[in-house]
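Step one of this worksheet: look at the structure below.
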Amino acid sequence: MANPVGVQKRNLTQQDFPCRAFFREDAAFVSAGFTEIVFINQAIGSDHNGLNFQSSGIHLTNDGGGDLFYSFDGVTVHGRLAAAGDNLNTENIRRSEYSIFLRSVGTAYRLEVW
């Protein structure tokens with residue numbers, strides 16, 4: 001797992017907006033092994049823009065026809081999004097991460113992190 005350069009925790013009482021990272025894989029994402037996607041703060045104008053951050057919520061959506069497997073440690077399969085439209089929303093399980101690992105034989109996906 002990547003070591004964070006800077007940790008930005010979500011504090012809506014002191015920030016105008018939470019940190020956000022957004023990824024979209026429009027072409028078929030193919031990876032036989034888990035590929036790590038590190039969460040990067042993309043809030044323009046923030047002092048932490050471009051730095052890694054710890055998530056308070058993850059929303060992953062399978063947009064393609066292939067299975068999309070995800071892991072939080074790069075070894076264990078924590079879940080599978082089987083069809084287009086299947087999604088993972090960690091707001092319900094309160095999971096906090098610096099990155100997520102994805103594996104697929106070929107699918108498009110959207111990943112939003114805050």
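What follows draws every value from the coordinates through simple rules; no lab data is involved. Worth saying up front: this structure is predicted, and the values here are computed from it rather than measured. Positions of Cβ are backbone-derived with ideal geometry, glycine not excepted, and every protein chain shown enters the neighbour counts.
At a glance:
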item	result
Stretchable slack from E36 to R95, in nm (0.36 nm times residue separation minus alpha-carbon distance)	19.6 nm
Protection-proxy order for peptides 54-64, 28-38, each taking the mean of Cβ atoms within 10 Å per residue, highest first	54-64, 28-38
Inter-probe distance in nm under a simple model that places probes 7 Å from Cα toward Cβ, at A83 and S71	2.7 nm
Ranked list, fewest to most other Cβ atoms within 10 Å of each Cβ, for L68, L51	L51, L68
